[in-house]
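Peer 1: Before anything else, here's the structure in question.
The values are calculated or read from the model by the stated rules, or taken from the named source; none is laboratory data. Only a predicted model underlies this, so the values are computations on that prediction, with no experimental measurement involved. Backbone-built Cβ (ideal geometry, glycine too); neighbour counts: all protein chains shown. These accessible areas exclude ligands, DNA and RNA; they are computed on the full protein's heavy atoms, side chains included. Shrake-Rupley method; radii C 1.70, N 1.55, O 1.52, S 1.80 Å.
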Amino acid sequence: MTQEIAMLHDMSRCTACRGCMVACKQWHDLPPDMDTPFEGQYQSHKDLSSRVYTLIQMKERVDDKGKFHWDFFKKNCFHCGDPACAKGCPENAIDRNPNGTVVINEEKCVGCHYCEHNCPWHIPKIDEIRHKSTKCDLCYDRIAHGYETTGEILKPSCAKTCTAHALEFGTIEEMKQLAAERLAMIQPNHPNANIYCPEGVGGTHMIYVLPDKPEVFGLPANPVTPLSIDLWKAGRTFTKLAIGGAAAGIVGAMVLSKMVKSRAKEAAKEQEKG
C-alpha cells in the first residue's frame, strides 16, 4: 500500500500498563531479555535492545510549581520521512517504504552500528550474536497483510492492545488532526504541551502529544538529518570506485607486462632461428 500511515502516542493518556511492550514481543516473537537488573525504578528495562523494540520509559519529576508528575513515554523508532539511519547505512540495508515505515533488510545488514550512531535518538540496536541491526518496524507486515486481504489498514500490535487510547493508528493526515485535537484538550492544564513530529528529519510517522517541552523528556527539540551523511556516503562510494579502478589498473598493467614479456620471448626465439 502507498497510503502514508502514522501512529500517535498521547502521553497524557498513557497509564504505563506496558501492554504495548508485551504485544510487540509477541508479534515479533522476541525472546525474553534476561539481563534486567533492578535499578530502583519501575521501568522494566534500562533502554531498547535487540530484544526490546518498544519501551515505556517512566520518569518521576517535579515541575516549577512543585507539582509531582509521572511521565510515561513510549520509546521506539520514529520512522522519519528523511531517515538518517537509512542514509548512513553503507550497505543500503534500510528502506523507507512509500507508506512511511522504515524497515531493516537483515539479509543486507552487517551490524556496523552506523544506523545507531546516525539516528538522533539512537534507536537501532545491534544483535551482537547475529550481527544484525534491530528496531521497531511499525508492524509493516501486519499493515500489508490487512490491506492485501481486506483492503483495510490492520493496526500494529502495540496500538491494537492499548486500552487507554493513548496509542492511535491511521493515515498520517488523520493522526495529525487527532494530535491537534488532543493537544487542544490538554493545553488548559499543560500550557507547554506540544506536538512532537520534528520536521528536521522530514517529519515522523510516530507522532507524540507531549504535556511539556521535548527537553523535559530527554528528547532533542530540533533533531535533523545532517547533510554530512550524504557527503560521507558519496565520498565512500567514490573511494570504492577509485579503489576498484586502481585495482583494475594494476591487474591491467600486470596482464600487459606479461604480454610484453611473452612477445619479447617469441621475438628472441625467432632471432635465434634466423
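Peer 1: Which order do 11, 185 take when ranked by solvent-accessible area (1.4 Å probe, heavy atoms of all protein chains), largest first? Kindly include the intermediate steps, with their values, before the conclusion.
Peer 2: Numbers: 11 15, 185 120 Å².
Output order, biggest surface exposure first: 185, 11.
Peer 1: Still on this structure: So for the range 5-225: antiparallel DSSP bridges make up what percent, rounded to the nearest 5? Walk me through the numbers before you get to the answer.
Peer 2: Working: 24 of 28 bridges.
So the antiparallel bridges amount to about 85 percent of the total.
Peer 1: Tell me the GluC sites (Glu not before Pro) within the range 71-118 that lie in a loop according to DSSP and have at most 11 other beta-carbon atoms within 10 Å. Please report the intermediate quantities before stating the final value.
Peer 2: Values: sites: 91, 106, 107, 116; in loops: 91, 106, 107.
Here the sparse-neighbourhood loop sites are 107.
Peer 1: Still on this structure: Using 7 Å Cα-to-Cβ label points, what is the residue 144/residue 127 separation (nm, one decimal)?
Peer 2: Computed distance between label sites residue 144 and residue 127 equals 1.8 nm.
Peer 1: Using 0.36 nm per residue, how much length does the chain from residue 185 to residue 113 gain when fully extended, once their Cα-Cα distance is taken away? Provide the component values of the computation, followed by the final result.
Peer 2: Numbers: separation 72, 0.36 × 72 = 25.92 nm, distance 4.07 nm.
Separation in residues times 0.36 nm, less the Cα-Cα distance, equals 21.9 nm.
Peer 1: Report the net charge of residues surrounding residue 47, where surrounding means a beta-carbon distance below 10 angstrom and charges are Lys +1, Arg +1, Asp -1, Glu -1.
Peer 2: +3
Peer 1: Here is a further query. With a ≥ b ≥ c taken as the square roots of the eigenvalues of the C-alpha gyration tensor of the range 90-210, please select rounded if a/c is under 1.5 and otherwise prolate if a/b is larger than b/c or oblate if it is not? Display every interim value, and only then the final one.
Peer 2: On the way: a/c = 2.29, a/b = 1.46, b/c = 1.57.
It comes out oblate by the Cα gyration axes.
Peer 1: Between residue 152 and residue 34, what is 0.36 nm times their sequence separation minus the Cα-Cα distance? Round to one decimal in nm. Each step should come with its number before you reach the end.
Peer 2: On the way: separation 118, 0.36 × 118 = 42.48 nm, distance 3.74 nm.
Separation in residues times 0.36 nm, less the Cα-Cα distance, equals 38.7 nm.
Peer 1: Among the aspartates and glutamates, which have Cα under 13 Å from the Cα of residue 74 when same-chain residues fewer than 8 positions away are ignored?
Peer 2: Once the sequence-local aspartates and glutamates are set aside, what remains near residue 74 is 10, 47, 168.
Peer 1: Also, I was wondering about something else. Once you've got the Cα coordinates, tell me which of 160/213; 67/125; 25/67; 87/213; 108/213; 46/160 are over 31 Å apart. Let's see the in-between values first.
Peer 2: Numbers: 160/213 28 Å; 67/125 35 Å; 25/67 35 Å; 87/213 28 Å; 108/213 38 Å; 46/160 25 Å.
Pairs exceeding the cut-off: 67/125; 25/67; 108/213.
Peer 1: Would you please name the trypsin sites (Lys or Arg not before Pro) within the range 113-156 that are DSSP coil residues with at most 12 other C-beta atoms within 10 Å of their C-beta?
Peer 2: Numbers: sites: 125, 130, 132, 135, 142; in loops: 130, 135.
Hits after loop and neighbour filter: 130.
Peer 1: Sort 67, 155 by accessible area with a 1.4 Å probe, largest first.
Peer 2: Working: 67 120, 155 80 Å².
Accessible-area ranking of 67, 155, largest first: 67, 155.
Peer 1: A follow-up question, please. If I stretch the segment between residue 177 and residue 44 completely, what's the gain in nm (0.36 nm per residue apart, minus their alpha carbon distance), one decimal? Don't skip to the end; give the middle numbers.
Peer 2: Working: separation 133, 0.36 × 133 = 47.88 nm, distance 3.22 nm.
Gain in length upon complete extension: 44.7 nm.
Peer 1: Can you put 204, 15 in order of accessible area, largest first, using a 1.4 Å probe?
Peer 2: 15, 204
Peer 1: With every protein chain left in place, what is the accessible area of residue 224 in Å² (1.4 Å probe, nearest 10)?
Peer 2: 80
Peer 1: Moving on to the next point. Would you mind telling me the share, in percent, of accessible area of the range 1-133 contributed by carbon and sulfur at probe 1.4 angstrom? Please list the in-between numbers first.
Peer 2: Details: 3350 of 6790 Å².
After summing per-atom areas, the C and S share lands at 49 percent.
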